[in-house]
Amino acid sequence: MIKHDIMSMTVEEIEDLLEDIGEQKFRAKQIFDWIHSKGVLDYSKMTNLSKDLRQKLEKTASLTKPKILEKYRSEADNTTKYLIELGDSHIIESVLMSHKYGNTVCISSQIGCRMGCTFCASTIDGLVRNLTPGEMLAQIYLIEEDSKERVSGVVVMGSGEPLEDLDATLRFIELINDPRGLNIGQRHITVSTCGLVPNIYKLADEKLQITLAISLHASNDTTRKQTMPIARKYSIAEIIDSCKYYIEMTNRRITFEYALIEGVNDSKEDAYELSKLLEGLLCHVNLIPVNEIKERDYKHSKQKSINEFAKVLKGKGIETTVRRTLGSDINAACGQLRRSFIQK
Ligand code: SAH
């Protein structure tokens, strides 16, 4: 018999499961509360369930608590990077970012990644597998338990491409947003994609109030193809069209991520070209000096070019922020920590 993955199930699905094994439906809310509100990922600690029921659950529905293997704290910018071991011994990384206005966790959506962006460490060894919704949630629950901090926001911006397994990502959002669980508001959830156009349309049709972030990183297809293989499949024009549809469906502002790489995509011409693409669109641009990873010889743009780039965009009325590179002293760029750990 295939075991159910209880952490990825809704209250209603748990109710059905309980009925199937001859148990009372109302227990579903208790189980859901233990897992998603209290973050208790262990049946033996669910003290309001009978021993008999707990044993039955052990047999029919797996519940595995991933383990925090290591953590690295950056005092410089209040981030803590976690290395987490999953039930099948694979390792993922997540980051807790503490701000004045609350704590945000950056979670991974896959083990590794197959998108192949040339500046990113997560993709170097390819994709191992997708994470289950439960494994996405567990990153947050473990970090809340470890840090004793309440998490108020989530960004799906760690390793992996969250729109590759759209169903898992949608289920994750449904569960983290459930008032009976952690109840994180949709507006406090950001999903970042390299631009899987068909799934941007599907996500738009869900009419969620989450923030969609697009990793653009170039202002024309020729440059984008140099760093992002996905650009051979979908053009920037197609991405922008899907973003317009997303805005139409949700009325939400899109975030465009643009990692500035010296000599690759950071000229004034690039900035003008980008502003042409985005003018009039309900959007926000996040400029990020690329995090230098040891596997590649990309350099981040000089402060002067960054400022000039931002100035061009702002001059065209495009809302722009320059993001600090968070946690660079603790290898917090996507996938770097996991990679250096596995290599050890
Ligand atoms: N696959 C998704 C989400 C994961 S990557 C996506 O592509 O959006 C999260 C963000 O970090 C993306 O914008 C990605 O392009 C960016 N990123 C990856 N490596 C980086 C690096 N070395 N420096 C700066 N940003 C990087």
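No value in this document is a laboratory result; all are computed from the given coordinates. What you see is a predicted model; the values in this text were computed from it and never measured. Cβ atoms come from the backbone with ideal geometry, glycine included; neighbour counts cover every protein chain shown.
The table for this structure:
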read-out: Index of the failed condition, L137 passing every other in (1) within 24 Å of S62 (Cα to Cα); (2) more than 16 Å from the ligand (Cβ to nearest atom); (3) in a loop (DSSP other than H, G, I, E, B); value: (3)
read-out: Cβ pairs under 7 Å, 6+ apart, first in the range 250-268 and closer than 10 Å to I306 by Cα and among the hydrophobic types (A, V, I, L, M, F, W, C), second more than 9 Å from the ligand (Cβ to nearest atom) and assigned to a strand (DSSP E or B); value: L260/L287
read-out: Candidates L175, L166, filtered to the one that is out of contact with any Pro (no Cβ under 8 Å at 6 or more places or on another chain) and more than 12 Å from the ligand (Cβ to nearest atom); value: L166
read-out: Failed item, numbered, when L131 is tested on (1) in contact with a Pro (Cβ under 8 Å, 6 or more places away or on another chain); (2) within 16 Å of the ligand (Cβ to nearest atom); (3) of a type outside the set (S, T, Y); value: (1)
read-out: Unique match (being out of contact with any Gly (no Cβ under 6 Å at 6 or more places or on another chain) and closer than 22 Å to I107 by Cα) among T227, T193; value: T193
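Residues checked against (1) loosely packed, with under 15 Cβ neighbours inside 10 Å; (2) within 16 Å of the ligand (Cβ to nearest atom); (3) small (G, A, S); (4) farther than 30 Å from A231 by Cβ:
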| position | (1), (2), (3), (4) |
| --- | --- |
| L63 | no, no, no, yes |
| D88 | yes, no, no, yes |
| G102 | yes, no, yes, yes |
| C117 | no, yes, no, no |
| T123 | no, yes, no, no |
| E144 | no, no, no, yes |
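Residues are listed down the side, and each one gets a yes or a no for (1) within 16 Å of the ligand (Cβ to nearest atom); (2) in contact with a strand residue (DSSP E or B) (Cβ under 8 Å, 6 or more places away or on another chain); (3) part of a helix (DSSP H, G or I); (4) of a type in the set (G, A, S):
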site	(1), (2), (3), (4)
A231	yes, no, yes, yes
K244	no, no, yes, no
K276	no, no, yes, no
R296	yes, no, no, no
